[in-house]
Amino acid sequence: MTRLIVGRLAEALAALLLMSLVIFLLSRVTGDPVALLLGDSATVEDRDRLIEQLALDRSLWDQYLTFLGNALTGDFGQSVAAGRRDALDLVLERLPASMSLAAVALCFTLVTGIAMGVLAAITRGSAVDIVVRIVALMGQSVPAFWLGIVLIYVVSVNWGLLPTSGYGTWQHYVLPALTIGTFTLAAVTRLVRASMLDALGSEYVKLARIKGLSEATVILKHALSNSLIPVVTFMGAFFATMITGAVVVETVFAWPGIGRLAYESIVSRDFPVIQTVVLVITALFILANFCVDMLYLAIDPRMRDRG
Amino acid sequence: MIQKVTFYAALGLLAMFVLVALLGPYLIEHDPLRGSLRARLEPPLWAGGTMEYPLGTDRLGRDMVARMVTGARISLTVCVVVIAIAGSIGTAIGTLSGYVGGWLDRVLMRLVDLALSLPVILLALLIGAVSGPSFGNIVLVISLVLWSQYARMSRGETLRVKNEDYVDLARTSGLGHAAIIFRHILPNIAPSLIVVATLQVGVVIVLEASLSFLGVGVPPPNPSWGSMVADGRSYVVTAWWVSLFPGIAILLVVMAVNIVGDTLTDRINPALRGRTA
């Protein structure tokens with residue numbers, strides 16, 4: 001058990017190190033790092049200071065250690081575009097908006113997806129089941145950036161129901177959360193439907209029925225609780241899709257989160273900010289995967305005996 | 001019955017997509033890259049447009065039909081190249097890992113776990129930011145995201161078949177390892193890999209479109225369905241067709257791919273049904 005946790009922790013750190021190495025190599029080996037990190041408006045003194053700071057005149061290995069040291073103390077350089085502001089500050093002040101959107105989207109996704117999956121499974125073959133499956137199929141196939149644009153056009157522009165973009169009230173959350181959650185919603189629905197069907201045909205559900213338990217108890221307590229395990233397994237992957245989706249969806253809805261920051265800094269070729277965004281998101285991502293592993297360990301006792 | 005109809009309808013749609021992509025240059029009348037400035041933002045035929053531009057034109061007066069067809073070509077090319085690269089690398093690693101076992105298996109599978117635990121799409125943005133959008137970059141980046149799935153699948157499948165009687169028999173009859181892998185293991189694990197490849201066509205199309213939408217995918221002025229949606233975004237209220245059509249194309253093709261992939265999964269590997277999230 002302890003060994004397993006320590007192993008996972010080591011793996012998480014290795015992943016983070018690997019990502020930092022990739023980012024480092026990308027900035028140092030391709031082209032001129034000074035130009036990349038300082039932009040066009042830099043003076044000769046700026047250049048000299050940067051070379052001194054990042055050990056650019058020394059070996060690649062020394063440079064990497066310097067890079068890691070700086071990163072550990074929270075120094076990711078300064079933004080090229082946003083008036084030489086600290087890159088980490090820029091990212092951290094955008095983080096709450098992204099996290100709140102992801103949280104809203106995840107809650108909506110899990111609740112709706114589980115409900116739709118259960119509904120489809122218990123009415124297997126009916127019209128309800130077919131509608132749910134078509135919705136899930138479409139949800140898995142629609143590109144998020146396009147769905148966002150269509151929703152803005154139809155719901156906000158034509159019907160005038162919700163704000164087109166921006167951040168502030170609860171109305172602002174509806175369309176972005178829907179857009180960012182659609183793929184995951186479809187995945188959760190399919191997953192729950194499939195594992196519910198398995199569970200409903202299993203011995204323990206038959207036994208529960210024979211014991212004379214009510215249908216609601218059988219479905220909600222016996223079948224559903226077991227069907228949720230695969231959903232937990234995929235939580236890490238769901239979070240990943242949301243982060244990936246965040247870049248696109250935040251751009252479409254002008255949502256002031258880190259996804260949009262990533263896009264803006266690509267457009268303005270602001271490398272210090274991009275590398276910070278990527279590292280921060282990777283850290284979040286790895287943390288989320290680690291939490292999912294631990295959660296899995298907690299709910300499925302069989303896992304604890306392994307490793 | 002309904003399932004059969006949808007399956008064949010999806011298959012037909014995919015065949016059409018491939019055909020349009022292959023015959024692209026012969027199907028279009030206008031240059032997809034150069035427009036006529038006198039024909040900017042012409043609406044589609046049924047919204048007051050002309051036969052000249054059945055699906056209208058974009059903000060530079062370029063024919064939407066020509067751009068959609070060329071976009072299909074680019075989409076398909078990226079799919080084929082990526083799946084060939086990711087598929088062969090992933091399958092090689094997975095099969096080797098499963099066949100050899102031991103420490104090699106442990107190391108390679110750690111690598112797969114690692115690849116699965118990185119938000120590689122962000123790497124794509126990073127690479128795009130450093131070296132600008134290019135065809136090579138998209139292929140590299142998407143392959144980087146997808147190889148691990150083949151590795152996982154082929155390792156599991158290799159473990160399943162490697163102790164079958166026919167493999168044992170081949171071994172005792174003195175066949176070398178390479179021959180066993182190529183003649184007896186790969187042909188038997190191929191169906192599962194084909195299912196993975198089919199389902200990935202959809203993933204590749206959406207990834208390519210998303211990257212192009214963000215401006216780090218297919219370099220302009222080449223039309224990608226993703227960058228076409230991005231182009232039309234700022235005047236969606238006055239010229240909805242520029243963003244709408246490429247999006248519908250993506251939706252239809254990806255949906256068809258998913259239907260075909262699901263059906264194949266059901267036939268070949270029913271245990272995975274609905275589990276390929």
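In this Cβ point-charge picture (+1 for Lys and Arg, -1 for Asp and Glu), the protein assembly as shown has a dipole of about 1540 debye about its Cα centre. Bridgeable lysines around A:K206 (alpha carbons under 25 Å apart, same-chain partners fewer than 8 residues away excluded): A:K221.
Available extension along the chain between B:R106 and B:L45 is 16.0 nm, counting 0.36 nm per residue and deducting the alpha carbon span.
Taking label points 7 Å from Cα along the Cα-to-Cβ direction, A:V44 and A:S126 give a separation of 8.1 nm. Electrostatic tally near B:L186: other residues with Cβ closer than 14 Å to its Cβ, Lys and Arg +1, Asp and Glu -1, net +2. If you plug the beta carbon distance of A:D32 and B:A84 into 1/(1 + (r/R0)^6) with R0 = 45 Å, you get a FRET efficiency near 0.85.
In this structure, the amide hydrogen of B:S36, modeled 1.01 Å from its nitrogen in the peptide plane, lies closer than 5 angstrom to those of B:R62, counting only residues at least 5 positions away or on a different chain. Annotation for the A:B interface, with buried accessible surface near 4200 Å², both sides summed [1.4 Å probe; non-protein components not counted]. Considering only A:L90, A:L284, A:L295, the Gaussian network model of chain A with Cα springs below 10 Å gives its largest mean-square fluctuation to A:L295. Across the options A:A187, A:I219, A:V174, the greatest Cα extent toward the positive end of the charge dipole of region A:160-270 (unit charges at beta carbon of Lys, Arg, Asp, Glu) belongs to A:I219. Indicate the gyration tensor shape class of the protein assembly as shown (rounded, prolate or oblate), computed on the Cα atoms with a ≥ b ≥ c the square roots of the eigenvalues: a/c under 1.5 is rounded; otherwise a/b larger than b/c is prolate and the rest oblate. Rounded is the answer for the protein assembly as shown, as its axis ratio a/c remains below 1.5.
Within the listed set B:V81, B:V216, B:V204, the residue fluctuating most in the Gaussian network model of chain B (springs between alpha-carbon atoms under 10 angstrom) is B:V81. In the elastic network of chain B, a GNM with C-alpha springs shorter than 10 Å, the most mobile of B:A190, B:A66, B:A178 is B:A178. Evaluated with a Cβ-only charge set (Lys, Arg +1; Asp, Glu -1), chain A carries a dipole of roughly 1460 debye about its Cα centre, given to the nearest 20. For region B:29-61, applying the loop criterion from DSSP together with a ceiling of 10 other beta carbons within 10 Å to the trypsin sites (Lys or Arg not before Pro) yields no site. Residues of region A:255-290 falling in the label zone of A:A103, defined by backbone nitrogen less than 13 Å from a point 7 Å along Cα to beta-carbon, are absent. Calculated mean residue ellipticity, 222 nm, chain B: -24000 deg cm²/dmol, from DSSP H runs (n ≥ 4) at -39500 (n - 2.57) each, averaged per residue and rounded to 500.
The values are calculated or read from the model by the stated rules, or taken from the named source; none is laboratory data. Treat the numbers as computed from the prediction; the structure is a model and nothing was measured. Cβ atoms come from the backbone with ideal geometry, glycine included; neighbour counts cover every protein chain shown. All accessible areas refer to the heavy atoms of the entire protein, side chains included, with ligands and DNA or RNA removed. Shrake-Rupley method; radii C 1.70, N 1.55, O 1.52, S 1.80 Å.
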